[in-house]
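All of the numbers you see were taken from the coordinates with simple rules; none came from a lab. Since we're looking at a predicted model, the values are computed, not measured. When we count neighbours, we look across all protein chains shown, and the Cβ atoms used for this are built from the backbone with ideal geometry, even at glycine.
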Amino acid sequence: MAKSSPLLGTHVSVAGGLYKAIAHGQELNCSAIQIFTHSSRQWAFKPLEKDSIHAFIKAQENSDVQTVVVHASYLMNPASPEPSTRKKSLDMLRSELEACEALKIPYLVLHPGARLESDLATALKNCAETINAALKTTHHVKILLENMAGQGTIVGSSLEELQEIYLHIEEKHRVGFCFDTCHAFASGYDFTTQESYKTFWQRFDDLLGIEKLHAIHMNDSIKAFGSRVDRHADIGSGKIGLHAFELIMNDTRFKDCAKILETPKGEGTQEDQKNLNLLRSLIKK
Ligand SMILES: [Zn+2]
Ligand SMILES: [Zn+2]
């Protein structure tokens, strides 16, 4: 595949070895992929072995996969009011960053967390402080804060909340953003028409800076606009509709953003293939 094709791909499995993710991506003609570097539902973080790091880097070098994004574990709550939870999250976040750095992966996508019984301002500050501490042992990898659907006490569903976290970040060049279409739609941001798309991205640029956006999660939404419920649907078969994805796929500002599917997988690679083909078909010649 030509290196000039859009940075597009899907979340792939690392079952059987990290390096296998590259082959899975290659099989689907992905120029970008997202992975977990370890089980996303376990606190235990086994350090990566030298051979496994080497095999991964070699595999990527010999592939058309230009960008790899890691999604951080779902267990962490960097915004927690509970010091022991924040400490556990900090240790894990640091390990995740170190793994990315070893694998030469530029981006780690992170959910800001949940405020639980604390107030919003405290939670956003706690989140930033966990990130500030975690960044100290690495030098290159960037944390990408992902916008959330806003279920329960989860923080980071508004651009203002993400901005507030960012304002507390010390090493600002080490933090950027990942935009999830399903989460944004569910949290009440409309970007489905030419007009609303333009208004939304202007707002994003004003508050966060569009140049700080490095990844887009391409997911349609099963749940309604503003439902604050996070349920991903296949492209074009949810409530967002195809037009919004067409606008994103043809937006030259997002040329260097890794556009990653997190849509339902089913058996095999058929579902991914179908969603990727659909997105590719939206690109205007
Ligand atoms: Zn996510
Ligand atoms: Zn996402």
Sequence-separation-based contact order of region 8-281, relative, with Cα cut under 8 Å and 6+ spacing, percent = 15 percent
Per the Cauchy relation, a quarter of the hull surface: what is the mean projected area of the convex hull of the alpha carbons in region 187-277, in nm²?
-> 6.0 nm²
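Report, in deg cm²/dmol and to the nearest 500, the calculated mean residue ellipticity at 222 nm for the chain, where each DSSP H run with n ≥ 4 adds -39500 (n - 2.57) and the sum is divided by the residue count. Provide the component values of the computation, followed by the final result.
On the way: 9 runs with 104 residues, N = 285.
So the calculated ellipticity at 222 nm is -11000 deg cm²/dmol.
Would you list the membrane-span-like helices of the chain, meaning whole DSSP H runs whose alpha-carbon atoms span at least 27 Å along their axis and whose mean Kyte-Doolittle value is at least -1.0?
Working: long enough: 83-102 (28 Å, -0.81).
Long hydrophobic helices here: 83-102.
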Spatial separation of Cα centroids for region 152-188 and region 234-253, in angstrom = 21 Å
Protection-proxy order for peptides 113-122, 71-80, each taking the mean of Cβ atoms within 10 Å per residue, highest first | 71-80, 113-122
Taking every Cα atom in region 114-210, find the radius of gyration and the maximum pairwise distance Dmax, and write them in Å.
-> 13.9, 44
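Quick one: of 223/285; 50/259; 104/136; 104/239, which pairs are farther than 25 Å apart, Cα to Cα?
In this structure, 223/285; 50/259; 104/239 exceed 25 Å between Cα atoms.
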Among 26, 55, 45 - extreme Cα towards positive end, dipole of region 1-74, charges at beta-carbon | 45
Provide the packing ranking of 169-181, 221-233, i.e. peptides ordered by the mean count of other C-beta atoms within 10 Å per residue, highest first.
-> 169-181, 221-233
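Over the chain, consider all pairs of different Cα atoms and compute the Kirkwood hydrodynamic radius from their mean reciprocal separation; express it in Å, one decimal.
19.0 Å
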